[in-house]
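What follows is a single structure, written as structure tokens, with notes after it.
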Amino acid sequence: MSQDLCHSSDVAFTPAVKEIQKRKGSRRAYAHMEESGSWATRVPPHLAKYIAAQRSVFLATANGLGQPYVQHRGGPPGFIHVLDDQHLAFADFAGNRQYITQGNLLENNKVLLFLIDYSRVTRVKIWGTGRVIEGDEDLMRQLAPPDYKARVEQVLVIEVSAWDINCPKHIPRRFEEEEVAALLQARDEQIEHLRTQVRLLTSELESRGKTS
């Protein structure tokens, strides 16, 4: 945590934010949260598991003028790697070649990751600093998802400053294609099982009727 921050949540709760919290009646609760420990600054096992399950992330940066920019990054589950309890990294795939995020990081290395699990209706915010690593072929191979059709151009490494589990209200519940396919397959197998049972019972009843 930066030396000029009293609490890890100060990455988001600036003096202006705290004044609004006071005016709207929520400052006391957040002040109690800060005094009792504030937001975690390291990645525990349960958060690492959550991160490893995600298929996409929204990455926010801002340039030297303070202009914000949000970019989506995606891949198969596990494309975001937890290197240790304070560092995340993922392979940055070649895209539209605008390089806005990379340029922003040269001027302002602050980042925010926003992860949403729609099927489980949860979301996590992760504040930190980011840097792009170019030309490290070994690291790119290490972080590249296996059998994923995308060209790795570079690597983005995030040093975690703080994280928080966000309010789950108003998150639409959605399921991944594989999850829906598995549910439909289970349903079809159950239907076929029941049909088989009906045929066996029907055959048994018919057999009893012939012998009675």
Residue count for the range 42-87, restricted to those that are surrounded by 17 or more Cβ atoms within 10 Å (Cβ to Cβ), within 26 Å of E19 (Cα to Cα) and modelled with pLDDT under 95: 0
Selected residue (criterion: surrounded by the fewest Cβ atoms within 10 Å (Cβ to Cβ)) from residues of the range 29-41 that are in contact with a Ser or Thr (Cβ under 8 Å, 6 or more places away or on another chain) and part of a loop (DSSP other than H, G, I, E, B): T41
Residue identified as among the polar types (S, T, N, Q), in contact (Cβ under 8 Å) with a residue 60 or more places away in the chain and either more than 27 Å from D85 (Cβ to Cβ) or in contact with a helix residue (DSSP H, G or I) (Cβ under 8 Å, 6 or more places away or on another chain) (or both) among S203, S207, S161: S161
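Can you tell me which residue within the range 107-124, out of those that are assigned to a strand (DSSP E or B) and of a type in the set (V, I, T), is surrounded by the fewest Cβ atoms within 10 Å (Cβ to Cβ)?
Per the stated criteria, the residue is T122.
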Members of the range 62-108 found to be of a type in the set (S, T, N, Q) and closer than 27 Å to R174 by Cα, listed by number: Q71
Residues of the range 125-158 that turn out to be aliphatic (A, V, I, L, M), crowded, with 16+ Cβ neighbours inside 10 Å and either assigned to a helix (DSSP H, G or I) or free of Cβ contacts under 8 Å to residues at least 60 places away in the same chain (or both), as a count: 6
Qualifying residue in the range 195-209 (condition: within 33 Å of the chain's Cα centre (by Cα), farther than 30 Å from F90 by Cβ and of a type outside the set (V, I, T)): no
Candidates Q54, Q71 - the one that is in contact with a strand residue (DSSP E or B) (Cβ under 8 Å, 6 or more places away or on another chain), in the same structural domain as M140 (by TED's automatic domain parsing) and either under 14 Å from V157 (Cα atoms) or free of Cβ contacts under 8 Å to residues at least 60 places away in the same chain (or both): Q71
Residue match in the range 163-184 (condition: more than 16 Å from the chain's Cα centre (by Cα) and within 30 Å of T41 (Cβ to Cβ)): yes
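For the range 169-196, what are the residues that are assigned to a helix (DSSP H, G or I), surrounded by 11 or more Cβ atoms within 10 Å (Cβ to Cβ) and among the hydrophobic types (A, V, I, L, M, F, W, C)? Don't jump to the end; show me each part of the working.
Here is the first cut: in the range 169-196, the ones assigned to a helix (DSSP H, G or I) are 177-196.
From what's left, surrounded by 11 or more Cβ atoms within 10 Å (Cβ to Cβ): 179-183.
Hits for the range 169-196 are V180, A181, A182, L183.
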Of residues in the range 53-106 being hydroxyl-bearing (S, T, Y) and in contact with a helix residue (DSSP H, G or I) (Cβ under 7 Å, 6 or more places away or on another chain), the one nearest to W127 (Cα to Cα): T61
Hits in the range 62-80 - residues which are assigned to a loop (DSSP other than H, G, I, E, B), aliphatic (A, V, I, L, M) and in contact with a Lys or Arg (Cβ under 8 Å, 6 or more places away or on another chain): none
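The values are calculated or read from the model by the stated rules, or taken from the named source; none is laboratory data. Just so we're clear, the structure is a prediction, and the values are computed from it rather than from any experiment. Counting neighbours? That spans all protein chains shown, and the Cβs are built from the backbone with ideal geometry, glycine included.
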